[in-house]
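Encoded as structure tokens, the structure appears first; notes follow it.
The values are calculated or read from the model by the stated rules, or taken from the named source; none is laboratory data. In this text, all values refer to a predicted model and were calculated from it rather than measured experimentally. Heads up, the Cβs are rebuilt from the backbone with ideal geometry, glycines too, and the neighbour counts pull from every protein chain shown.
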Amino acid sequence: MLVLAITFKSTAQERAVRFIDAEGQTLAEIPAHHQNDQVYLPVDAVKQVIDPRATHQYNHPRKRLTLKTKGRQIRLQMGRSAISIEPDGQTLTLATPPITIAQQPMLPVDFFRQLLPILNNVEVIYNPNLNKLQIRSKNTWTPGETDNLQNWTIIIDPGHGGSDDGCTSSTGIFEKNIVLALAQQLQKRIKQQGIQVHLTREKDTNKTHFERIQIAEQNRGQLFLSLHCNTSFSPHEKGIRIYLNNPKGRIRFPSPTQPALIGQQLKVLAQVNFLKQSQDFAHALQTELNFLTETPIKTINLPLIALSEAYMPAVVLELGYLSNVEDLEKLSNAEYTENVVQAITRALQRYISSINQQTAPTAPEE
Amino acid sequence: MIDKQKITTAPQTQNGEKGQKTVKHNNSAGFSRLLVIWGLTLIVVGIGLGVTLLLIERSKLTVIPVAPPPLPTAANPSDTPPPPQEVNLFLLDATTLTLVPIKIERRLHTDDLTKRLDQVVTALIQETPPNFRNTIPRGTELNEAYIDNQQTAYLDFSSHLTDGHIGGTTAELLTVTAILKTVFDAFPDHIKQVQILINGEEIKTIAGHLNLSQPLQLPQ
Ligand SMILES: [Zn+2]
């Protein structure tokens, strides 16, 4: 009996749905029931994540559930996708109907995905693979800020290219092609936000590090995002990594002692001036991309050639390991890459609004 | 240099002993036969002695060009080349994905720092015990090792270090860290930073991510 209880508990925890906030902090972790590839939560979850004062009535014979929350009545019929919200007179269609499990009404995750924005005026994104549901305040772009967006120029640098394939998967997929495709997808998405975007290469061509930085500076880039894929000596290593150009990282340049080195050293140090902002952008990327990953993404400081002499905040984003089967599969999946593009776009918005907030009170408008 | 002379003379004495053993086995033969064998043995021993003396004479005058170690294991304690020393090679533990020191024994040059550096880095390139991964592309060669008066070690590798590298920042960082850790561990008092060269030239990077244009250190 005891053993049974323990096993039950552990499986319930394992398959819990995690509600997280915009920073990735856990708001609630609710044990879920999995049936026919669908995830269901008990009605009490409404109290935990929508409204602690919510009440409900369940009519067993008719299998009808009525929820009262925030001055509204929400009616559901078990086995039916349509739900009605009074007094709004609104009708929603759930992707999966509510069902009864052990005679108790159970709500599909989609109920929370759809109802939370209506009832709590928030945005919700759901990661079905990891059972993570993120609740974030509604996109806060005010018209004033949109003006500022148009002044922003982002440089996206698809790594390698031409004769330089970057790393190669055992199935013959090249890093240079994955990063170019994602960069183009990202460019399209960011432009929709009114932000200007330039790629350091538009095609499968060789570009030196110097040429890439030149393109960034000619276009007056304010942020440099270099896209790469990773490789490890072990097929088990996986996940997204973020790298910052820091000459005092895991390997480091010696402090200048010889006069001959000082000129070179100054260039390196000039880039360090952007380290704080680069860290802010890395943190924004980390927060947004963590939503797509099982384990938190690491940010690693290193002297990086791709970012050396980039006189602007700059980050290398390694999208995944081509030496890992799971990562390779993800990067070949259009849905996943679209999620990555969305997460990077949200990270950009987050970063830009943090910079705008930092500069707004002090800097007078030109 | 002294060590090398000892090494070259050692095999000579071993040969002499073998010759004497053959004689003992033929003890039961006839008297005339014994005389012939005695005669032959005397000639062989004579020639052997002569050659040995000649070699000793020559070795006093000139330096015999002999390939550096691996050295033969010495049978005679008084004749030993430098004793084997423990060296830590930093190799990748395939399960923990970390670089771990693997102890090996090498007869290292005692008087020549540059040669010793060459030996340690060459060992790092060549050794791959089971369950460990070498982070240096197989087939890479060390062209030259050099230490300047600023305690900077220059390691000049063949271009295979770049051409044969699997790529990716993680792998590139492991390759460089393995080299740095191995060198700093073996020469704590003599080497403060390491610059990686390819075919005698300074390089920007190995696989397109790390900036290797300067000498490198590890965080304390
Ligand atoms: Zn790359």
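Out of B:T140, B:T162, report the one residue that is assigned to a helix (DSSP H, G or I) and surrounded by 14 or more Cβ atoms within 10 Å (Cβ to Cβ). Outline the logic, then answer.
Working: B:T140 fails: assigned to a helix (DSSP H, G or I).
Criteria check complete, one pass: B:T162.
Of all residues in the stretch B:199-220, how many are surrounded by fewer than 20 Cβ atoms within 10 Å (Cβ to Cβ) and more than 7 Å from chain A (Cβ to nearest Cβ)?
The number of residues fulfilling the criteria is 7.
Report, by residue number, each residue of the stretch A:214-236 that is closer than 12 Å to A:L328 by Cα and either among the charged types (D, E, K, R) or assigned to a strand (DSSP E or B) (or both).
A:C229, A:N230
Which number in (1) within 12 Å of B:L92 (Cα to Cα); (2) away from the ligand (no atom under 16 Å from the Cβ) marks the one condition that B:F184 misses?
Single failed check for B:F184: (1).
Run B:G167 past the list (1) surrounded by fewer than 21 Cβ atoms within 10 Å (Cβ to Cβ); (2) not in a strand (DSSP E or B) and report the number of the one that doesn't hold.
Looking at each condition in turn, B:G167 falls short on (1).
Restricting the search to the stretch B:145-169, which residues are of a type in the set (D, E, K, R) and within 12 Å of chain A (Cβ to nearest Cβ)?
B:D148, B:D163
Restricting the search to the stretch A:211-237, which residues are more than 16 Å from the ligand (Cβ to nearest atom) and closer than 27 Å to A:S323 by Cα?
Across the stretch A:211-237, the qualifying residues are A:S234, A:P235, A:H236.
Filter the stretch A:164-204 down to the residues that are in contact (Cβ under 8 Å) with a residue 24 or more places away in the chain, within 15 Å of the ligand (Cβ to nearest atom) and of a type in the set (D, E, K, R) and list them by number.
A:D164, A:E175, A:K176, A:R201, A:D204
Tally the residues that are of a type in the set (V, I, T) and away from the ligand (no atom under 16 Å from the Cβ), restricting the search to the stretch A:309-339. Before the answer, list the steps.
Step one: of the stretch A:309-339, the residues of a type in the set (V, I, T) are A:315-316, A:325, A:337.
Next cut, away from the ligand (no atom under 16 Å from the Cβ) only: A:325, A:337.
Residues that pass the stated criteria total 2.
Just checking, does the stretch A:145-156 include any residue being closer than 21 Å to A:V341 by Cα, modelled with pLDDT of 95 or more and within 16 Å of the ligand (Cβ to nearest atom)?
yes
Could you list, in sequence order, the residues of the stretch B:191-219 that are of a type in the set (D, E, K, R) and away from the ligand (no atom under 16 Å from the Cβ)?
Listed by number, the residues that qualify are B:K192, B:E201, B:E202.
Identify, by number, the condition in (1) more than 14 Å from the ligand (Cβ to nearest atom); (2) buried (at least 16 other Cβ atoms within 10 Å of the Cβ); (3) free of Cβ contacts under 8 Å to residues at least 60 places away in the same chain that A:K207 doesn't meet.
Only one criterion in (1) more than 14 Å from the ligand (Cβ to nearest atom); (2) buried (at least 16 other Cβ atoms within 10 Å of the Cβ); (3) free of Cβ contacts under 8 Å to residues at least 60 places away in the same chain is unmet by A:K207, namely (1).
Identify the residue in the stretch A:239-249 that is assigned to a loop (DSSP other than H, G, I, E, B) and within 16 Å of the ligand (Cβ to nearest atom) and, among all such residues, is nearest to the other protein chains (Cβ to nearest Cβ).
A:G239
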